[in-house]
Amino acid sequence: IYVVIVDFISAKSDLKLNYYSESCPRAEEIIKEQVNKLYHKHGNTAVSWIRNLFHDCMVKSCDASILLDKTKEQTSEKTSQRNFGMRNFKYIETIKEALENECPNIVSCADIVALSARDGIVMLGGPQIEIKTGRWDSKDSYLAEVESFLPNHNDSMSLVLSRFNSVGVDTQGTVALLGAHTVGRVHCVNIVHRLYPTVDPTLDPDFANYLKTRCPSPQPDPKAVEYARNDHINPMVWDNLYYKNIMSNKGLLIVDQQLVSDPTTYPFVEKFAANNSYFNDQFAKSLIILSENNPLSGDQGEIRKVCRHVNK
């Protein structure tokens, strides 16, 4: 046990601010430029980058395993129902190509996941967060493990809290990270069970009627673009409106509603709803913890040439 703990600590301490300052001095600047460019062409990419970090780092390690495509030899986490609706992976390759042009074989895809999330949050009006770098990329996908690590939107609050707790994020931190639901959208597939055949009594009735206009069928087509915005007032602005919405019973997902109905999480919902900068501080703190979950060391990982495939 002692050896394992030492290994874990040494991998974590290999992460540092400005890890690429000598090997690729412009690395972080290039990522920021690309995130900025992509945001102005496709605003939703900024939301995808935040989601990537959560879906990657919760499952075993922040190691870009989420980016691997399915091949003959390789399963893919992208095929898990828990990762339904994730998109814009092709633009991660756009960022990777820009980095490979500048300094080949230096910057990991795992660091692109972490830094693009950091820069995406800023593009949406969120806080500047200091993210360490020096992660390595996994040589494997963990499809079989996704469901054991990644909480689902309709899990019980105690299960959601224990999953976050296992990566070092406490109750207040979990409530803060769920505040990322202030941006983006949810596919009707994940909403209709709260609308049909009867409306979930915890939903505000007017809001439920609005959701029915967004999701008119009890059996939406998973491939169709049918969705509701997390925050239909300003869905692409980073703020604490999410907490105010869920206090008015206007959360889209069961997990959103449970933050209000669970006595362990509700006090933090109230705090964040009352104070945007306190929310941002706690979000930043928790995102750093999540982004440093169990990083691989050099002998366990590699620096992929292309993010969607392991190196030949």
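The values are calculated or read from the model by the stated rules, or taken from the named source; none is laboratory data. None of these values were measured; they are calculated from a predicted model. Cβ placement follows ideal geometry from the backbone for every residue including glycine, while neighbour counts extend to all protein chains displayed. Surface areas here come from the heavy atoms of the whole protein model, side chains and all, with no ligands, DNA or RNA. Shrake-Rupley method; radii C 1.70, N 1.55, O 1.52, S 1.80 Å.
Give me the number: length gained by fully extending residue 221 to residue 300, i.e. 0.36 nm times residue separation minus the C-alpha to C-alpha distance, one decimal in nm.
Gain on stretching residue 221 to residue 300: 24.4 nm.
Please report the spacing between the Cα centers of the range 40-93 and the range 221-264 in Å, no decimals.
Using only Cα atoms, the two centres lie 22 Å from each other.
Working with all protein chains in place, sort 142, 196 by solvent-accessible area computed with a 1.4 Å probe, largest first.
Result, largest first: 196, 142.
Of 65, 136, 174, which is farthest along the charge dipole of the chain in the positive direction, counting Lys and Arg as +1 and Asp and Glu as -1 at C-beta?
Comparing the listed Cα positions along the dipole, 65 ranks first.
Report the relative contact order of the range 26-149, percent, no decimals, based on alpha-carbon pairs under 8 angstrom and at least 6 residues apart.
After rounding, I find 39 percent.
Hey, what number do you get for the chain at 222 nm if only DSSP H runs of n ≥ 4 count, each worth -39500 (n - 2.57), divided across all residues, to the nearest 500?
The helix contribution divided over the chain gives -13500 deg cm²/dmol.
What dipole magnitude, in Debye to the nearest 20, does the range 26-149 give about its Cα centre under +1 on Lys/Arg Cβ and -1 on Asp/Glu Cβ?
I would put it at about 360 debye.
Give the value in nm², to one decimal: projected area of the alpha carbon convex hull of the range 157-289, averaged over all directions.
8.1
For residue 148 paired with residue 198, estimate the spin-label separation in nm (one decimal), with each label point 7 Å from Cα along the Cα-to-Cβ line.
3.8
With +1 on each Lys and Arg Cβ and -1 on each Asp and Glu Cβ, how big is the dipole of the chain about its Cα centre, in debye rounded to the nearest 20?
Rounded to the nearest 20 debye, it is 680 debye.
Which entries in 244/285; 72/96; 32/70; 16/285 show an alpha-carbon gap greater than 26 Å?
Over 26 Å apart, Cα to Cα: 32/70.
Return the equivalent ellipsoid semi-axes of the range 26-149 as a descending list in whole Å, where each equals the square root of 5 times an eigenvalue of the C-alpha gyration tensor.
They are 23, 16, 13 Å, listed from largest to smallest.
Given a 1.4 Å probe and every protein chain left where it sits, what share in percent of the accessible area of the chain is carbon and sulfur?
Whole-percent figure for carbon plus sulfur exposure: 53.
In whole percent, what relative contact order does the chain give with Cα contacts below 8 Å and a gap of six or more residues?
Over the chain, the number comes to 27 percent.
Per residue, how much accessible surface does the chain expose to a 1.4 Å probe? Answer in Å², no decimals.
Per-residue accessible area for the chain comes out at 46 Å².
Given +1 on the Cβ of Lys and Arg, -1 on the Cβ of Asp and Glu, and no further charges, what dipole in debye does the range 134-273 carry about its Cα centre, rounded to the nearest 20?
Roughly 260 debye for the range 134-273.
Once you place label points 7 Å from the Cα toward the Cβ at residue 312 and residue 170, how far apart are they in nm?
Each label point lies 7 Å from its Cα, and together they span 5.1 nm.
Starting from the Cα-Cα distance between residue 155 and residue 128, subtract it from 0.36 nm times their residue separation and give me the gain in nm to one decimal.
The span from residue 155 to residue 128 would gain 6.6 nm if fully extended.
What net charge is computed for the residues neighbouring residue 172, neighbours being all others with C-beta under 10 Å from the C-beta of residue 172, Lys and Arg scored +1, Asp and Glu -1?
My count for the surroundings of residue 172 gives +1.
Please state the relative contact order of the range 184-274 as a whole percent: Cα pairs under 8 Å, 6+ residues apart?
32
Could you list, in their original order, any pairs among 60/139; 139/223; 250/271; 78/250 whose Cα atoms are separated by more than 20 Å?
Violating the 20 Å limit, Cα to Cα: 139/223; 78/250.
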